[in-house]
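First comes the structure, then the notes that go with it.
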Amino acid sequence: MIAASLFAQHNCNVFLAAGDSCRYKACTYLDEAPSYFQLTKEYHEIKDKALEICPEYAVVYKHKSTSYLKTGDFINWKILIDKAVELNPEENLDYRGWCRFQFFRDYKGAIADIEELDRILDHDIGYCQNGDYHLNVAKGLCYKMLGQREKAIQIIKSQIERDTSYLGVYDYLHLGVLYLETGDYDKALVAFEKQLKENELAECHYYMAKVYEQLKMPKKYVRNIQLAKELYLDSKYMLDIYTHHVDKIFLADIEKELEKSKM
């Protein structure tokens, strides 16, 4: 027996109170069963036993799907997460939509899931799996990657203005890049300055440099590229342990701009 499952179980008494004996029995079984690392055979055997007890227990399909996702078995991931969404869309569309965006760059599929979740819920749709973004910001990034930048700006800007209690780790950075890409340089700089106050990143100075390049301000261009390199070497850049974020830059990108600045 080794590390426990990534996901906590439901409170089994919730099912009991609702008269759902099927899920109550499966939930109780999982609570009492030994915990195994989610990439082991034993982990799946326990989850499969829970599904024998209650084939309609959506959370178990989600747990199993995550294991397959982490091993690169995307076919089984899709089969299992689709079943979880079928049984309980309210609790699983967010996860499937985020995975479609993060791992598969299935932007249209991610938008469809996020918008369907928004349609069926009567409250806020919440945040992505890693906590970096509100799902509306993720939706905005999907539209950006589909080439619909103005729509992406409106979605992300509206989310930032709507939820003043929460700001995603990279929200203003993405908004600034969108303004840069649409030629609205003044708004891009305002967004980047706001990002710097929240979280100073190599990417922020890199894209600020690109703005100053367009504005024909070479000293500020060079200074920001230098700052981008300093921050990058200090490991202050966009990071996700599984994939690369939209708008992420690499040291090679910075070095290329530094070489260009010497010409």
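The values are calculated or read from the model by the stated rules, or taken from the named source; none is laboratory data. All values derive from a computational prediction rather than experimental measurement. Backbone-built Cβ (ideal geometry, glycine too); neighbour counts: all protein chains shown.
Hey, does the range 255-263 have a residue that's among the aliphatic types (A, V, I, L, M) and crowded, with 16+ Cβ neighbours inside 10 Å?
Taking every residue of the range 255-263 in turn, none turns out to be among the aliphatic types (A, V, I, L, M) and crowded, with 16+ Cβ neighbours inside 10 Å.
Right, Lys49: out of contact with any strand residue (DSSP E or B) (no Cβ under 8 Å at 6 or more places or on another chain) and buried (at least 16 other Cβ atoms within 10 Å of the Cβ) or not?
Here the answer is no, as Lys49 does not meet what is asked.
Return the residues of the range 99-136 that are surrounded by 15 or more Cβ atoms within 10 Å (Cβ to Cβ) and touching a strand residue (DSSP E or B) at 6+ places or on another chain (Cβ under 9 Å); say none if nothing qualifies.
Those that are surrounded by 15 or more Cβ atoms within 10 Å (Cβ to Cβ) and touching a strand residue (DSSP E or B) at 6+ places or on another chain (Cβ under 9 Å): Ile125, Tyr127, Cys128, Tyr133, His134, Leu135.
Among the residues of the range 150-160, is there at least one that is under 26 Å from His205 (Cβ atoms) and touching a residue at least 60 places away in the same chain (Cβ under 8 Å)?
Looking for residues that are under 26 Å from His205 (Cβ atoms) and touching a residue at least 60 places away in the same chain (Cβ under 8 Å), one finds none in the range 150-160, hence no.
Determine whether the range 11-29 contains at least one residue that is surrounded by fewer than 19 Cβ atoms within 10 Å (Cβ to Cβ) and touching a residue at least 60 places away in the same chain (Cβ under 8 Å).
Scanning the range 11-29 turns up no residue that is surrounded by fewer than 19 Cβ atoms within 10 Å (Cβ to Cβ) and touching a residue at least 60 places away in the same chain (Cβ under 8 Å).
Among the acidic types (Asp, Glu), free of Cβ contacts under 8 Å to residues at least 12 places away in the same chain, more than 20 Å from Met145 (Cα to Cα) and in a helix (DSSP H, G or I), is that true of Glu255?
When the stated conditions are applied, Glu255 does not pass them.
Within the range 214-237, which residues are of a type outside the set (Val, Ile, Thr), buried (at least 20 other Cβ atoms within 10 Å of the Cβ) and closer than 14 Å to Phe192 by Cβ?
Tyr221, Asn224, Ala228
So, restricting to helices (runs of 4 or more DSSP H) that lie completely within the range 115-202, which ones have at least 3 residues that are touching a Gly at 6+ places or on another chain (Cβ under 6 Å), closer than 15 Å to Asp247 by Cβ and at pLDDT 95 or above?
Filter on the range 115-202 gives 185-198.
Residue pairs, Cβ under 7 Å, 6 or more apart or interchain, first in the range 181-202 and more than 22 Å from Val222 (Cβ to Cβ) and in contact (Cβ under 8 Å) with a residue 24 or more places away in the chain, second surrounded by fewer than 19 Cβ atoms within 10 Å (Cβ to Cβ) and among the acidic types (Asp, Glu). List them.
The qualifying pairs are Thr182/Glu150.
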